[in-house]
Amino acid sequence: MMTRTYRVGGHVFAVRLEEPWQFMQYTAPVADRIRRAAAGEELPIVPTRAGDDVPARTFVQKREELPADMNRTTLDFSQYEPFLCEPQDPLFWLTVRAQEPAWIAAGKADGSIKLIMSVDERPPYYYIYEHEGATLYEFDSAQGKIAGTLWVSADASEAEYYPKPGFGAYTTMFQVSTALMILYTYNTARHGTLLMHASVVRHKGLANLFLGVSGTGKSTHSRLWLGAVEGCDLVNDDNPVLRLEDGRLMVYGTPWSGKTPCYRNLCVPVRALVRLDQASRNEIKRLAGLQAYASILPAASGIRWNRTIMDAITGTVEQVAMHTPCFHLDCLPDSDAALVCRAGIED
C-alpha cells in the first residue's frame, strides 16, 4: 500500500491507498502552489461567494495541469500536501480500499447493521449505521446514488473507505475528504480542538473568524475585508481548526476550505469570533456569557449521536466563549460592513 502522513492543527493522521488507487504525481505549477502553501505564503485566491462559479477545489486548476498518467484511480491529494509530515504514530488511519466487503450488504439484509441517523440538511449527504460497536457511513453522491461506504472502528482510530463501482477519482476524492473531516472530529475533540464552519482573515498578525449559517455571507464578508482593510490575507474560507494552547486560542489552516482552494499551513492567534446576520444596516455588538457560547456552538463540527465527543466539544466551546472576544454583526454586503466590523473588534 501507498501511505502518506499529514499534520493538521497539530494532530497527525495517515492515509493508505490499496491498489489500484494511487496518489497523484504533481506537475510543476501544482507543485509550486503546494510548496508556497506549505510555507504559509499568501496565494492569489479570493473567497468564493454563494452563486459564484465553483473553481477547482484542489491546487489543480485546469486540465493542462494534470499528470500524463492521470486515470480513474488517481487521487488528487494536492490540498493535503502542504500538511505532509514525516511518518509517525498517527491519531487515526484511513485506508481507501479497492472494493466493499460482502459483509456490509449481508448485514444490511439481515438487520445486524442498523440505521441510526440521516444527515441531509446540506451536502454532502450521508446515512449513519451501527454495527457491533463500529459506525458505518453511506455517502450520497450529487447524482442521488451511494458513492461509497466508510467503516469507523469503535474507538475511531481506524477507518476504511469503500468506493462503489462506477464512480471515478473526483467523486471518490470528495468523499475521502468528507471521511477525513469526520475522523478528525472524532479523534481531536478530546484535545481541546474544534473543526469550525467559518471564514478567516488575518489582520495585524491576528485572526478574525466569521461564523454564520450557510448562505449568510461569510465568504462575502471576508472578501470585503480583503478589499477594504489594508494588510489583510485569507487564512481559510470554510473549515479552519481552533485549538486552545496554553490558555490562548489559535486558528490553523487546513486541507478543507469549501469551494475556495485556500490550503495554507498556518497557525495564527485569534483576535475575535464574529457571528454574521444579514440586515438592513451595519451594526456590531459584543457578546458575553451564554450569548457568546450560543454564537459559537452551531459552527463547531460535531458527532451528535456520540455523547462523549459532544461533551468534549461543548466544553471547549465554553472555554472559547469565556476567554475570546465574541461579537454579533448585523451587516449589508458592502465595504462599510468590513469597516464597522474592524472598528468594533479592534478599537
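Values quoted throughout were computed directly from the atomic coordinates according to the rules given, and no laboratory measurement underlies them. Since this is a predicted model, take the numbers as computed values, not measurements. Methodologically, a virtual Cβ is constructed for each residue, glycine included, from the backbone with ideal geometry; neighbour enumeration extends over all protein chains shown.
Assorted remarks:
- Highest average first, the peptides 201-209, 89-97 ordered by how many other beta carbon atoms sit within 10 Å of their residues are 201-209, 89-97.
- Other-chain or far-sequence residues with amide H under 5 Å of F92's (modelled H): A14
- Choice from R63, R72, R248 showing the highest fluctuation, given a GNM over the chain with Cα pairs closer than 10 Å: R63
- Alpha-carbon geometry of the range 193-346: the Rg and the Dmax are 14.4, 44 Å, given in that order.
- Charge dipole of the range 295-347 about the Cα centre (unit charges at C-beta), most positive-ward option of S335, A312, P298: A312
- Choice from E160, E230, E100 with maximal GNM fluctuation in the chain (Cα, 10 Å cutoff): E230
- Residue ranges 110-117, 18-25 sort as 18-25, 110-117 when ordered by packing (mean number of other C-beta atoms within 10 Å per residue, highest first).
- Rounded to the nearest 20 debye, dipole of the chain from Cβ charges on Lys, Arg, Asp, Glu: 360
- Close amide H pairs (under 5 Å, H built 1.01 Å from N) link S141 with I146, A147, residues at least 5 positions away or on another chain.
- Taken over the chain, lysine pairs spaced eight or more positions apart, or on distinct chains, with alpha carbons under 30 Å apart number 17.
- Residue with peak Gaussian network fluctuation, the chain [Cα springs, cutoff 10 Å], from A38, A300, A154: A154
- Charge dipole (debye, nearest 20) of the range 204-347; +1 at Cβ of Lys and Arg, -1 at Cβ of Asp and Glu: 260
- For G40, distant residues with modelled amide H under 5 Å away: N265
- A DSSP coil position with no more than 16 other Cβ atoms inside 10 Å describes the following chymotrypsin sites (Phe, Trp or Tyr not before Pro) in the range 255-347: W305.
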